[in-house]
Amino acid sequence: MKVLVVGSGGREHALAWKIAQSEIVDEVFCVPGNPGMDEIGPCFDVDPMDLHKMQELVLQVVPDLIVIGPEAPLAVGLSDALRARGFDVFGPSEKAAQLESSKGFSKDIMKRFDIPTAAYGRFTDLTEALDFLETMDAPYVIKADGLAAGKGVVICDTLEQAEDEVEAMMTGKFGDASAEVVIEEFMEGEEASIFVLTDGEGAIYLPPAQDHKRVGDGDVGLNTGGMGSYAPAPVVTTRVMELVQTLIVEPLLSGMADEDMPYQGVLYVGIMVTASGPKVVEFNARFGDPECQVLMAGLPGDIVPALLTCATGGLVHGHREISDMMGVNRFQPSACVVMATKGYPESYAKGSIIENVSAANGIDDVTVFHAGTDKDSDGKLIAVGGRVLGVTATGKDLRAAVDSAYAGVEAIDWPEGFYRKDIGWRAL
Ligand code: AMP
Ligand code: GLY
């Protein structure tokens, strides 16, 4: 069969890499892809946000399965547009993807289905928002309602800072995305990422993962898209996983199906493991990046039957067999170290040359996933983004996986890059 992977980040490179290993897959196409994905199969230079061009492309390629990686095309209805053309698509509808694209929508759903999360209010009126703030205790959690490229959440220590932040957001800090704000109670605990593959009814739970959001060692400094990840994450015990399943995922999936917006694709449940059990920090409509890299690397089996069944239905009856095919129970501990351009997540230069990626790929159990890379006019690999490479490795235990990932990082020659040196520290 032919599979089309939509996206161009490390997450999508990992998906394309894993899908290409499937015995039932003949060819993998990517749109728009990146230099790493280009080595797997043909890449098409089409913007996934352009629904018209994307429909033209799929009518030309005729893939048997389309896998959508990023949230932005899901939020504008790419999966609906391609399904309407008769294609099998792994990825939620525009309506269901609001779980990520609107924080207010997501909080209201959690309230309706009694899913544990932080207490909150949603506001479009500044005075009401400021009045609500006064009823809350520090620290204050302020969120833009819409997609803000991972920057839309601000945690303030004082009421004064919180008031300033609410005002900035509601007067256009993130444009339309922050015309509405959500103000939340602060949850104390350790965060983890849970990924559930679903056709809207059945579900397969992947091993829990954790990412490192802060730019600096010891989890300090500015928030980023994620500087590294590992799985499994021991903070998510069997008991926590059971609670996630019964208190969060099952009520969510059945509730969404009842409300005529069944969720299908991968559901990302960001949880806080608190003293009183797991609570939802956020839902996302996609795999995490770089969590996807460690999940794809660590799964020893074939992921394509799972993706296909999520797209077409039938997971309730087939989930055990499909989960065995993927090798969920044989998952290998895995770690990913992100190499980013110096200056990220603030401003950074583009165009620096990266060498010796193939030497890293030559190390046992190491795979380098590309994100913000490109080729210059001489065909040399260059950095064009903030997060650039995801050096990923498996091992007999997490220590071995982390050591191999860092051996991969050491092999790469890129003076303009930097990385965190403590990936996996909470588990080691
Ligand atoms: P979000 O985009 O909603 O995941 O928020 C980004 C980050 O802000 C999360 O990964 C948490 O570290 C933090 N955060 C968000 N909401 C809360 C909350 N209610 N309590 C504590 N931390 C939070
Ligand atoms: N690594 C966090 C995310 O993908 O949102």
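The values are calculated or read from the model by the stated rules, or taken from the named source; none is laboratory data. Since this is a predicted model, take the numbers as computed values, not measurements. Every residue, glycine as well, gets a Cβ built from its backbone with ideal geometry; the counts of neighbours run over all protein chains shown. For the accessible areas, the whole protein counts, side chains as well, though only heavy atoms, and no ligand, DNA or RNA atoms are used. Shrake-Rupley method; radii C 1.70, N 1.55, O 1.52, S 1.80 Å.
Key figures
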| read-out | value |
| --- | --- |
| Separation between Cα centres of region 329-388 and region 390-422, rounded to whole Å | 11 Å |
| Residue-wise HN-Hα coupling along region 54-60, computed from phi with Karplus coefficients 6.51, -1.76, 1.60 (Hz; x: Gly, Pro) | 5, 5, 4, 4, 5, 5, 7 |
| Peptides 177-189, 92-104 ordered by average Cβ neighbours within 10 Å, highest first | 92-104, 177-189 |
| DSSP-defined beta bridges in the chain - what % are antiparallel, rounded to 5 | 80 percent |
| Virtual spin-label span in nm between N356 and E23, 7 Å along Cα→Cβ | 3.9 nm |
| Over 30 Å (Cα to Cα) - which of K18/K380; K143/K342; K103/K380; K143/K380 fall in this group | K103/K380; K143/K380 |
| Equivalent ellipsoid semi-axes, region 193-287, via Cα gyration tensor eigenvalues times 5, rooted, Å | 25, 15, 12 |
| Net dipole in debye of the chain [+1 Lys, Arg Cβ; -1 Asp, Glu Cβ; about Cα centre; nearest 20] | 820 debye |
| Stokes-Einstein translational diffusion, region 317-402 - Kirkwood Rh over all Cα pairs, 1.306 mPa s, 10 °C, in µm²/s | 106 µm²/s |
| Alpha-carbon Debye profile of region 43-154, log10 I(q)/I(0) at 0.16, 0.21 Å⁻¹ | -0.81, -1.12 |
| Lys/Arg +1, Asp/Glu -1 at C-beta; the chain dipole; positive extreme among I423, Y406, Y263 | Y406 |
| Listed residue (V304, L133, A359) projecting farthest to the positive dipole end of the chain, Cβ model | A359 |
| For G395, residues with placed amide H under 5 Å, excluding near neighbours | A401 |
| Two-site label geometry, K342 and D45: point separation in nm, points 7 Å out along Cα→Cβ | 3.2 nm |
| Region 293-386: trypsin sites (Lys or Arg not before Pro) in DSSP loop, at most 16 other beta carbons within 10 Å | K342, K350, K380 |
| In sequence order, calculated HN-Hα J values of region 257-270 (Karplus, 6.51, -1.76, 1.60; Hz; x Gly/Pro) | 5, 4, 8, 6, 9, x, 9, 9, x, 10, 9, 9, 9, x |
| Values of log10 I(q)/I(0), in the order q = 0.10 Å⁻¹, for the chain under a Debye, Cα-only, solvent-free model | -0.67 |
| Apportionment of accessible area to carbon and sulfur, the chain, percent (1.4 Å) | 48 percent |
| Cα centroid separation, region 106-183 to region 8-43 (Å) | 38 Å |
| Alpha-carbon Rg with Dmax, taken over region 108-151, Å | 12.0, 29 |
| Extension gain, E321 back to E250 (0.36 nm per residue minus Cα-Cα distance, nm) | 23.6 nm |
| Zone of D376's modelled label, taken as backbone nitrogen in region 342-368 under 11 Å from a point 7 Å along Cα→Cβ | 351-355 |
| Square roots of five times the Cα gyration tensor eigenvalues for region 83-205, Å | 30, 17, 12 |
| Accessible area of region 33-183 divided out per residue, in Å², using a probe of 1.4 angstrom | 45 Å² |
